[in-house]
Amino acid sequence: MTGIQLNGVTKRYGETEVITGLDLNIHEGEFLVFLGPSGCGKSTLLRMIAGLEGVSEGQISIGGREVTHLPPGGRDVAMVFQHYALYPHMTVYDNMAFGLRNSGVDASEIERRITEAARMLELDALLKRRPAQLSGGQRQRVAIGRAVVKEPEAFLFDEPLSNLDASLRTRTRVELARIHRRLNSTMVFVTHDQIEAMTLATRIVVMNRGRIEQIGAPLDIYRRPATRFVAGFIGAPAMNFIDVEPAGENGGRLLVRLPVENIVIPTTVATGSLPSGQLTLGVRAEHVVIDNQGPLAGRAEFVERLGDRSLAHVSVPGCPLIVVEIPRDYELQAGDPIRLNIDAAHLHIFDASGIAHHGG
Ligand SMILES: Nc1ncnc2c1ncn2[C@@H]1O[C@H](COP(=O)(O)OP(=O)(O)O)[C@@H](O)[C@H]1O
Ligand SMILES: [Mg+2]
């Protein structure tokens, strides 16, 4: 079996458990992204795969070989960090060659690999320079190049783009996607940035407090978040959440009462699947619509014209502020009254334990 397998991987620092019984199959050739808030255990997990951090319990296999107790050098992976350290006194070429020379690769093979990596990363013209003579983006490409020339079974990236400015980050992201297409190697990438995750990943692993909340393709996670945590973490603007009460059913579909003047609206969620207790309705900005007959009467507090789309932040008495995507050129100003409806087919219901119940 190829790829990377994690079996019941647990990590403790003293009494504190930071990764809990984690099972995961990373497929050969996929671009897998660990996404989650700061402190949820992403780096710890990646460092355990790399062998830089010991495992308290469980096993790790890479390329079909158990590596749980092998040192980093025996694992055939290459890691790229946020704070990549290039040797300042060495040229770009020597920086890329250094690790290979140490592991006894012969000079002609080193040259072949560096020439190929330099062409792919557009570093050909820079091979004789020293790190101080490079821009931040170029240095980051050298750090990636140093990993590429190792021709590893898998690449491990720990927030490698976080130090770059916004436009360079976008370009380097595109670059990484291209590199992945060309090399077809397994890539595991850690980020707290959901846009990065959405654009790069074959599959996203959403993490929260050392556990996996959901694994799936980016759009599947966006459309059908498994939990309230995932729903709130993925998507910008964040999903709107409104506390609601169950109000019976219509043909087996749940009706919910909004915290506003006794208004009841339909959902497409089957009542059979729902536990009792507190419910929360979740709906994304693009699924709240302006509707003069709509049940929610509010007032625009703030209108954001973002160029490609416009968002209105609407106050409805009794509800938290609701973010609504409005037609781009729709005439609306702060203070204007507005009526809203919620698209029953695209709302989510979260039960008291945070588990999502989708309609459809
Ligand atoms: N060497 C360490 N000793 C004790 N706790 C640590 C150590 N390294 C990380 N942690 C804790 O483990 C948790 C996960 O950290 P980390 O994997 O760095 O998270 P992330 O990369 O998702 O931001 C955090 O609560 C952090 O404080
Ligand atoms: Mg980290």
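Values for this structure:
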{"quantity": "Only one of Gly277, Gly282, Gly294 that is in contact (Cβ under 8 Å) with a residue 24 or more places away in the chain and at positive phi", "calculated": "Gly277"}
{"quantity": "Selected residue (criterion: nearest to His69 (Cα to Cα)) from residues of the range 1-53 that are away from ligand 1 (no atom under 13 Å from the Cβ) and hydrophobic (A, V, I, L, M, F, W, C)", "calculated": "Leu6"}
{"quantity": "Pick from the range 322-345, criterion within 26 Å of the chain's Cα centre (by Cα) and buried (at least 17 other Cβ atoms within 10 Å of the Cβ), ranking: nearest to Arg305 (Cα to Cα)", "calculated": "Glu325"}
{"quantity": "Any chance Glu175 is within 16 Å of ligand 2 (Cβ to nearest atom), out of contact with any His (no Cβ under 9 Å at 6 or more places or on another chain) and either closer than 24 Å to Ala85 by Cβ or part of a helix (DSSP H, G or I) (or both)", "calculated": "no"}
{"quantity": "Restricting the range 201-244 to residues that are more than 16 Å from ligand 2 (Cβ to nearest atom), touching a residue at least 40 places away in the same chain (Cβ under 8 Å) and polar (S, T, N, Q), the residue that is farthest from Val303 (Cα to Cα)", "calculated": "Thr202"}
{"quantity": "Checklist (1) touching a residue at least 60 places away in the same chain (Cβ under 8 Å); (2) in contact with a strand residue (DSSP E or B) (Cβ under 8 Å, 6 or more places away or on another chain) applied to Tyr330, failing item", "calculated": "(1)"}
{"quantity": "Only listed residue being more than 28 Å from the chain's Cα centre (by Cα), hydrophobic (A, V, I, L, M, F, W, C) and in a loop (DSSP other than H, G, I, E, B), chosen from Val260, Val244", "calculated": "Val260"}
{"quantity": "Given (1) in contact with a Phe, Trp or Tyr (Cβ under 6 Å, 6 or more places away or on another chain); (2) among the acidic types (Asp, Glu); (3) within 21 Å of Met90 (Cβ to Cβ), index of the condition Asp158 fails", "calculated": "(3)"}
{"quantity": "Search result, residues across the range 290-321 that are at pLDDT 95 or above, assigned to a loop (DSSP other than H, G, I, E, B) and surrounded by 15 or more Cβ atoms within 10 Å (Cβ to Cβ)", "calculated": "Val316"}
{"quantity": "Some residue of the range 59-81 being over 26 Å from the mean Cα position of the chain (by Cα), closer than 30 Å to Gly14 by Cα, surrounded by fewer than 15 Cβ atoms within 10 Å (Cβ to Cβ) and acidic (Asp, Glu)", "calculated": "yes"}
{"quantity": "Unmet requirement for Glu151, which otherwise passes all of (1) on the phi > 0 side of the Ramachandran plot; (2) in contact (Cβ under 8 Å) with a residue 60 or more places away in the chain; (3) not polar (S, T, N, Q)", "calculated": "(2)"}
{"quantity": "Matching option when the condition is at pLDDT 90 or above, aliphatic (A, V, I, L, M) and within 16 Å of ligand 2 (Cβ to nearest atom), among Leu156, Leu161", "calculated": "Leu156"}
{"quantity": "Residues that are assigned to a loop (DSSP other than H, G, I, E, B), within 16 Å of ligand 2 (Cβ to nearest atom) and among the hydrophobic types (A, V, I, L, M, F, W, C), drawn from the range 7-64", "calculated": "Cys40, Leu52"}
{"quantity": "One residue from Glu159, Glu153 being within 16 Å of ligand 1 (Cβ to nearest atom), of a type in the set (Asp, Glu) and within 25 Å of the chain's Cα centre (by Cα)", "calculated": "Glu159"}
{"quantity": "Test: residue in the range 82-99 that is within 16 Å of ligand 2 (Cβ to nearest atom), touching a strand residue (DSSP E or B) at 6+ places or on another chain (Cβ under 8 Å) and modelled with pLDDT under 95", "calculated": "yes"}
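Matching residues to (1) buried (at least 17 other Cβ atoms within 10 Å of the Cβ); (2) under 22 Å from Thr44 (Cα atoms); (3) at pLDDT below 90:
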| position | (1), (2), (3) |
| --- | --- |
| Ala166 | no, no, yes |
| Arg169 | yes, no, yes |
| Glu175 | yes, no, yes |
| His192 | yes, yes, no |
| Leu200 | yes, yes, no |
| Met207 | yes, yes, no |
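The values are calculated or read from the model by the stated rules, or taken from the named source; none is laboratory data. Small disclaimer: the values here were computed from a predicted structure and weren't measured. No Cβ is skipped: glycine too gets one built from the backbone with ideal geometry, and neighbour counts run over all protein chains shown.
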